[in-house]
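Peer 1: Submitted below is the structure of interest, expressed as structure tokens.
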Amino acid sequence: MGERGRAVARFLELGSELSIRIVRLIMYYAPVAVFCYAAWLISQYGPEMLKAYASFLGVQYGFSIFHFIVVYSIIVTLGGLSPLTYFKHQLTPFIVAFTTRSSAVTLPYNMEAAKRMGVPDEMFRVTLPIGATVNMDGTALYQALSALFIAQLFGIPLSPAQYGLVIFAALVGSVATAAIPGGGLVMLAFVFSVVGLPLEGIGIMAVIDTFADAIRTAINVSGDNACTVFLTKIMGYKLTPTS
């Protein structure tokens with residue numbers, strides 16, 4: 001369309017730049033808003049709110065570590081790998097994921113760990129990038145626990161059918177969660193809305209999301225390698241772990 005087409009292109013470029021600046025502005029003030037909201041919660045409910053947060057984090061970390069040690073030990077054993085070998089090589093990706101809170105950032109470390117576990121290149125180069133996007137055990141656990149926490153906090157009873165919906169929504173929500181820091185918090189809106197929980201709960205969970213996100217990301221990336229080991233055996237490959 002010549003010159004007229006360039007006007008449309010400039011309009012789209014302006015819209016893109018405007019969107020980026022709006023998001024940048026929101027992200028700049030978001031930590032301040034979360035801090036102020038946390039201060040208001042503590043001033044309103046005092047030590048009880050701190051106790052509730054501590055209880056949630058204690059339960060989340062407890063279940064997550066149990067899942068990491070017990071469930072992944074079973075999975076890698078079924079895959080023909082010693083759990084001790086798995087934990088030895090998975091420690092570095094676990095720490096990287098815990099500190100960066102990003103499955104995408106941890107992907108190269110996870111690939112190196114898979115290689116040391118003896119997984120062939122043609123396996124982990126396919127399974128780990130997919131797993132970093134859709135296989136998120138820690139996020140599913142966090143979202144389910146968050147729904148139960150908010151339901152108890154607001155005094156909302158859940159029926160057995162709603163518990164089932166929470167589990168299903170957490171599973172679907174974890175698959176759709178982006179592999180970036182804080183991605184699991186965004187999908188809480190979907191999980192809460194499925195069972196009719198107040199969306200104000202997202203703000204309540206945002207106060208401790210940094211602490212909750214660290215362990216759930218570490219579990220996510222560890223699950224990717226555990227499943228990769230298991231799939232390696234299913235596909236008929238032989239593991240040759242390094243010392």
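Peer 1: Find the accessible area per residue for the chain; the probe is 1.4 Å, ligands and nucleic acids are left out, and the unit is Å².
Peer 2: On the way: 13130 Å² over 243 residues.
Normalised by residue count, the accessible surface of the chain is 54 Å².
Peer 1: What are the membrane-span-like helices in the chain by this rule: whole DSSP H runs, Cα extent along the axis at least 18 Å, mean Kyte-Doolittle hydropathy at least 0.5?
Peer 2: Working: long enough: 3-45 (61 Å, 0.63); 47-66 (28 Å, 0.64); 83-100 (24 Å, 0.48); 103-116 (19 Å, -0.32); 121-134 (20 Å, 0.59); 137-153 (24 Å, 0.94); 160-176 (24 Å, 1.57); 209-234 (37 Å, 0.43).
Length and hydropathy pass: 3-45, 47-66, 121-134, 137-153, 160-176.
Peer 1: Please list, or write none, the lysines whose alpha carbon is within less than 24 Å of the alpha carbon of LYS233, excluding same-chain residues fewer than 8 places away.
Peer 2: Filter leaves LYS88, LYS115.
Peer 1: In region 1-55, carbon and sulfur make up what percent of the accessible area (probe 1.4 Å)? Working shown, then result.
Peer 2: Working: 3370 of 4800 Å².
Carbon and sulfur: 70 percent of the exposed surface of region 1-55.
Peer 1: Turning to a different aspect of this structure: When only C-alpha pairs under 8 Å and at least 6 residues apart count, what is the relative contact order of region 1-111, in percent?
Peer 2: Details: 22 pairs, mean separation 10.3, N = 111.
About 9 percent, as a whole number.
Peer 1: Where does the chain land on Rg(C-alpha)/(2.2 N^0.38 Å)?
Peer 2: Relative to the 2.2 N^0.38 Å estimate, the chain comes out at 1.18.
Peer 1: Suppose each label sits 7 Å from its Cα in the direction of the beta carbon; what would the LEU199-PHE35 distance come out to in nanometres?
Peer 2: Distance between the two pseudo-spin positions: 2.7 nm.
Peer 1: Counting only protein heavy atoms, what percent of the accessible surface of region 104-155 is carbon or sulfur at a 1.4 Å probe? Intermediate results must be reported in sequence, preceding the final value.
Peer 2: On the way: 1340 of 2170 Å².
Carbon and sulfur together cover 62 percent of it.
Peer 1: Something else about it: Add -39500 (n - 2.57) for each DSSP H run of 4 or more in the chain, then divide by its residues: what number comes out at 222 nm, to the nearest 500 deg cm²/dmol?
Peer 2: On the way: 12 runs with 194 residues, N = 243.
Computed mean residue ellipticity for the chain: -26500 deg cm²/dmol.
Peer 1: Continuing with the same structure: With +1 on the Cβ of every Lys and Arg and -1 on the Cβ of every Asp and Glu, and nothing else charged, how large is the dipole of region 1-130 about its Cα centre, in debye rounded to the nearest 20? Walk me through the numbers on the way to the answer.
Peer 2: On the way: 11 positive and 7 negative charges, 35 e Å.
Roughly 160 debye for region 1-130.
Peer 1: To the nearest 20 Debye, how big is the dipole of the chain about its Cα centre, given +1 on the beta carbon of each Lys and Arg and -1 on that of each Asp and Glu?
Peer 2: Values: 14 positive and 12 negative charges, 79 e Å.
Its charge dipole is roughly 380 debye.
The values are calculated or read from the model by the stated rules, or taken from the named source; none is laboratory data. Not measured: the values here are computed from a predicted model. FYI the Cβ positions are ideal-geometry reconstructions off the backbone, even for glycines, and counts take in every protein chain you see. Please note that ligands, DNA and RNA were not included when accessible areas were found on the heavy atoms of the full protein model with its side chains. Shrake-Rupley method; radii C 1.70, N 1.55, O 1.52, S 1.80 Å.
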